[in-house]
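Shown next, in structure tokens, is the structure this report addresses.
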Amino acid sequence: MTYDCVIVGAGPAGMSAAIELANAGARVLVLDRAPRAGGQIFRSAANSPLSDSGALGTDYTAGSKLIERFEASNAEHLSEADVWHVGEDGTVLYTQDGIPRTVQTREILLCPGAMERPMPIPGWTLPGVMTAGAAQVMLKSDAMVAERAIFAGSGPLLYLIVAQYLRLGVKVAALVDTTPRRNYLTSLPKVPGALRSWPMMFKGLGMMREIASSGIPVFKGASNLRVLGQDMATGLEFGCREQQRVMSNHVFLHHGVIPHSNISRSLGLSHIWNAAQHCWQVQTDAWGQSSVPHVSVAGDGAGIIGADAAQSAGRLTALNILKRLGRLTPAERDRKASEDHAVLAKMAPFRAFIDQLYGPSKCLCLPQQADTIVCRCEERRLQDLKEGFEQGARDPNALKSLTRCGMGPCQGRQCGPIVSSLLADWRQEPEAQVGYYRLRSPQRLLSLEELSRFQSRPRGGAE
Amino acid sequence: MFSSLRSTPAKTVTVTVNSQSVAAPEGQTVWATMALAGQLTTRKAALSGEDRSAFCAMGVCFECLVQIDGTPNQQACLRRVRDGMHIQTQDITETSKAPIQGIPE
Ligand SMILES: Cc1cc2nc3c(=O)[nH]c(=O)nc-3n(C[C@H](O)[C@H](O)[C@H](O)COP(=O)(O)OP(=O)(O)OC[C@H]3O[C@@H](n4cnc5c(N)ncnc54)[C@H](O)[C@@H]3O)c2cc1C
Ligand code: FES
């Protein structure tokens with residue numbers, strides 16, 4: 001049996017698309033590795049292990065409505081299904097419960113969401129250093145918190161987790177804010193446009209006030225971050241007027257999110273460099289259609305737009321897929337799409353403001369010390385890469401084969417963005433010119449033992 | 001220190017983390033179970049053998065690779081505990097056996 005559409009990712013984008021497709025009668029299968037639908041923002045929103053999930057904010061609790069609508073729809077959903085290969089021929093391979101399985105589909109919709117932008121500061125590989133998103137995930141899925149932690153970096157998600165910790169009564173050692181002071185000025189011209197999304201502006205300002213009035217130490221305009229410690233993190237050193245030190249065994253880093261593109265890369269889809277958001281993203285048209293017509297991408301995985309916009313993008317992409325499947329005429333598609341197109345247009349100025357205000361600073365994107373690790377898996381440092389570059393490895397793939405940077409289990413998810421930008425800096429050319437690693441399936445390490453359990457999918461018809 | 005704000009202790013299971021017996025709520029991630037037991041080292045770094053620990057908690061950094069019931073390269077942040085599970089810090093370095101990668105043809 002062949003599905004009309006297989007969707008990878010049950011976040012706001014994937015769920016919204018699935019509802020639209022299923023309501024129109026298409027056979028849809030949604031695969032997500034999480035135990036429950038929701039994605040990053042609504043992770044465990046429908047089954048929170050916290051007694052007081054209200055502390056996570058109204059955005060979070062509102063998620064259970066979308067999850068319920070999705071679960072009530074006719075879309076099939078497989079949870080704890082980890083997708084590790086998506087082929088242009090419509091073959092999707094995933095592992096569920098230790099057993100690799102395969103499904104076949106006409107249309108593929110990737111909604112894999114975002115990941116955090118790597119932040120290669122000295123000491124970022126020490127145990128105790130995690131990302132702010134990790135703090136979010138641990139809180140939502142396991143109600144686990146780290147007492148007296150340092151939060152360092154910039155951007156809404158960093159402030160959100162600090163505010164959530166404070167509301168839950170978890171002590172925070174410090175917020176070390178790296179947003180350059182000049183950004184408050186350079187982003188001013190974008191404020192009027194952003195005010196069209198005034199509820200979001202006020203929510204953000206409210207969160208900042210909450211943190212300021214909590215009395216936790218807040219260091220603004222911090223730079224030159226270095227994690228202290230030999231075998232594990234013991235604190236953070238940074239410049240803020242003078243040299244500062246805050247001690248803690250937990251340091252959470254964050255400076256924005258970037259699309260998670262390993263599947264779209266392995267599929268060989270075209271990608272472009274988004275200079276405003278300082279990241280790579282898959283190339284799509286206004287309907288989320290990629291360079292391969294039957295493969296679409298929606299939500300943060302196609303370019304960072306946020307959770308509300310991700311829902312609109314998911315629906316729009318679904319409408320176009322319905323047109324491609326012959327279930328909607330172009331005119332019907334366009335008519336049904338007008339509202340979501342308008343929503344996206346209205347939100348764009350707010351996103352542009354956030355991008356400007358919290359745009360990543362170069363000194364956090366690029367390692368500043370010769371011995372700072374770039375490739376966490378293969379332990380390659382800035383000096384090793386510079387040496388490779390000087391030996392003639394001028395693009396990411398050449399540098400990879402010469403230095404092994406990017407050859408470890410994470411398949412370049414962490415070092416890839418850094419390497420593109422380092423080479424761009426050294427070559428004095430834009431990232432678009434430099435390119436990115438060539439990737440191949442599978443998306444993660446597979447053991448022969450796992451493969452030996454390979455089965456065609458037994459449920460839902462014969463293969 | 002990590003701590004848990006979990007409301008009602010769900011059904012618990014018993015697992016071992018590096019031979020230490022640990023009780024954990026059913027469905028909790030392997031990583032949270034390790035962290036709450038104070039066992040933060042998930043794997044050893046490939047060259048230096050230095051301790052590494054979970055970094056992203058969402059499946060993208062592969063720092064949390066552990067051995068589960070004898071099978072290496074399991075992402076502790078994505079896997080969930082089951083009764084009787086044996087979890088071990090992964091010690092695969094350059095000098096030991098390399099993991100196998102492959103795709104069915
Ligand atoms: C760690 C983190 C925390 C965040 N927290 C918030 C927050 O609290 N509030 C907020 O407004 N925004 C948050 N964001 C931003 C977030 O990207 C958007 O708000 C929104 O969730 C994007 O929706 P989406 O549907 O595009 O992707 P997501 O919500 O990220 O959903 C993607 C889904 O795809 C699944 N997936 C990915 N790859 C695979 C695979 N290979 N196999 C199976 N399943 C896969 C994931 O498990 C996930 O459920 C967070 C981002 C990150 C990275
Ligand atoms: S902690 Fe990053 S993959 Fe598990």
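The values are calculated or read from the model by the stated rules, or taken from the named source; none is laboratory data. Just so we're clear, the structure is a prediction, and the values are computed from it rather than from any experiment. No Cβ is skipped: glycine too gets one built from the backbone with ideal geometry, and neighbour counts run over all protein chains shown. What goes into the accessible areas is simple: the full protein's heavy atoms, side chains included, and nothing from ligands, DNA or RNA. Shrake-Rupley method; radii C 1.70, N 1.55, O 1.52, S 1.80 Å.
Which members of the range A:397-441 meet the condition of being out of contact with any helix residue (DSSP H, G or I) (no Cβ under 7 Å at 6 or more places or on another chain), over 20 Å from residue A:259 (Cβ atoms) and in contact (Cβ under 8 Å) with a residue 24 or more places away in the chain?
A:397, A:400, A:404, A:408, A:409, A:425
For a quick check of your reading: which strands (runs of 3 or more DSSP E) sit entirely within chain B and have at least 1 residues that are modelled with pLDDT of 95 or more, at the interface with chain A (Cβ under 8 Å from one of its Cβ atoms) and surrounded by fewer than 19 Cβ atoms within 10 Å (Cβ to Cβ)?
Output list reads B:2-4.
Is it true that some residue in the range A:85-93 is within 11 Å of chain B (Cβ to nearest Cβ) and within 16 Å of ligand 2 (Cβ to nearest atom)?
no
How many residues are among the aliphatic types (A, V, I, L, M) and more than 11 Å from ligand 1 (Cβ to nearest atom) when one looks only at the range A:128-152?
Here the count works out to 8.
Please enumerate the residues belonging to the range A:274-316 that are of a type outside the set (Val, Ile, Thr) and open to solvent by 50 Å² or more (accessible area, probe 1.4 Å).
Passing the criteria: A:275, A:276, A:278, A:283, A:285, A:286, A:291, A:293, A:308, A:315.
Select from the range A:227-242 the residues that are within 13 Å of chain B (Cβ to nearest Cβ) and not hydrophobic (A, V, I, L, M, F, W, C) and write down the one among them that is surrounded by the fewest Cβ atoms within 10 Å (Cβ to Cβ).
Checked the range A:227-242; the qualifying residue surrounded by the fewest Cβ atoms within 10 Å (Cβ to Cβ) is A:230.
Being within 19 Å of the chain's Cα centre (by Cα) and farther than 18 Å from residue A:153 by Cβ narrows it down to one residue among A:381, A:376, A:351; which is it?
A:351 is the lone residue from the list that is within 19 Å of the chain's Cα centre (by Cα) and farther than 18 Å from residue A:153 by Cβ.
Taking the range A:39-64 on its own, how many of its residues are open to solvent by 20 Å² or more (accessible area, probe 1.4 Å), of a type outside the set (Gly, Ala, Ser) and over 21 Å from the mean Cα position of the chain (by Cα)?
3
One line per residue, one yes/no per condition, for (1) of a type outside the set (Val, Ile, Thr); (2) in a helix (DSSP H, G or I); (3) modelled with pLDDT of 95 or more:
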{"position": "A:304", "(1), (2), (3)": "no, no, yes"}
{"position": "A:316", "(1), (2), (3)": "yes, yes, yes"}
{"position": "A:321", "(1), (2), (3)": "no, yes, yes"}
{"position": "A:334", "(1), (2), (3)": "yes, yes, yes"}
{"position": "A:340", "(1), (2), (3)": "yes, yes, yes"}
{"position": "A:367", "(1), (2), (3)": "yes, no, yes"}
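Count, please, the residues in the range A:433-445 that happen to be more than 16 Å from ligand 2 (Cβ to nearest atom) and either at pLDDT 95 or above or in contact with a Gly (Cβ under 9 Å, 6 or more places away or on another chain) (or both).
Result for the range A:433-445: 8.
Within the range B:31-51, which residues are within 16 Å of ligand 1 (Cβ to nearest atom) and within 19 Å of residue B:8 (Cα to Cα)?
Selection gives B:32 alone.
Yes or no, residue by residue, for (1) surrounded by 14 or more Cβ atoms within 10 Å (Cβ to Cβ); (2) within 11 Å of chain B (Cβ to nearest Cβ); (3) in contact with a Phe, Trp or Tyr (Cβ under 7 Å, 6 or more places away or on another chain); (4) modelled with pLDDT under 95:
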| position | (1), (2), (3), (4) |
| --- | --- |
| A:379 | yes, yes, no, no |
| A:393 | yes, no, no, no |
| A:402 | yes, no, no, no |
| A:424 | yes, no, no, no |
| A:428 | no, no, no, no |
| A:431 | yes, no, yes, no |
| A:447 | yes, yes, no, yes |
| A:459 | no, no, no, yes |
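Among the residues of the range A:71-86, write down those that are under 21 Å from residue A:452 (Cβ atoms) and either part of a loop (DSSP other than H, G, I, E, B) or not charged (D, E, K, R) (or both).
A:80, A:81, A:83, A:84, A:85
Answer yes if at least one residue in the range A:443-458 is farther than 28 Å from residue B:74 by Cβ and not in a loop (DSSP other than H, G, I, E, B), and no otherwise.
No: the range A:443-458 contains no residue that is farther than 28 Å from residue B:74 by Cβ and not in a loop (DSSP other than H, G, I, E, B).
Since residue A:127 meets every condition but one in (1) within 8 Å of another protein chain (Cβ to nearest Cβ); (2) part of a helix (DSSP H, G or I), which condition does it not meet?
(2)
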